[in-house]
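Contents: one structure, followed by commentary.
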Amino acid sequence: IGVFAVLSLVGFILSLWVHIGALFGRNVAPESFFWGLHVGIFVVFFPAILVAEKRVGSTNRKDFWKMVTKGSPDGIRYLFYLLLAYAFVSSLISFFHSPPGVVPKGLSPGVPWRGFSEGWMVFYFGSFAILSSALHSSRQRT
């Protein structure tokens, strides 16, 4: 679990770095980072889901995030909620600012990176929250 928690934290930090650069209209990383961050989500998210199901029993719960982050600081859960809200609102703004039926030709280099990095941040930090909470809880029991 520890390796995946570290990988998810590194993925989050890299995606945050890419996102901040994209907000300024820049590509701060080579194209290979794009695909690496994209594929890396699956490397950390599937183990996080397996750990979450083992800890909670069912992912169909109203208090899923509260249960799955039990044992970690509340700030981790609230930061995840904040990232989720930010990605949702930012995506809505981007969606409504684009003209209907038109594919813009002269996009700023950071625009595609910005959209994807929002999702990366949510998935990487969500995975980190789940995995680090499980790691913290297992250390408390021993």
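The values are calculated or read from the model by the stated rules, or taken from the named source; none is laboratory data. Remember, it's a predicted structure, so these values are computed and weren't measured experimentally. Because the Cβ atoms are built from the backbone with ideal geometry, glycine has one as well, and the counts that use them run over all protein chains shown.
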If I go through segment 26-50 residue by residue, how many of them are without any contact (Cβ under 8 Å) to a residue 60 or more places away in the chain, over 20 Å from residue 131 (Cα atoms) and assigned to a helix (DSSP H, G or I)?
5
Every listed condition ((1) under 17 Å from residue 122 (Cα atoms); (2) out of contact with any Leu (no Cβ under 9 Å at 6 or more places or on another chain); (3) at pLDDT 85 or above; (4) not polar (S, T, N, Q)) holds for residue 53 save (1)
Output the residue which, of all residues in segment 1-12 that are under 13 Å from the mean Cα position of the chain (by Cα) and more than 11 Å from residue 117 (Cα to Cα), is surrounded by the most Cβ atoms within 10 Å (Cβ to Cβ).
8
Can you pull out the residues in segment 36-81 that are charged (D, E, K, R) and either farther than 18 Å from residue 137 by Cβ or crowded, with 16+ Cβ neighbours inside 10 Å (or both)?
55, 62, 77
Subset of segment 13-35 that is within 14 Å of residue 122 (Cα to Cα) and among the β-branched types (Val, Ile, Thr) - its residue that is surrounded by the fewest Cβ atoms within 10 Å (Cβ to Cβ):
13
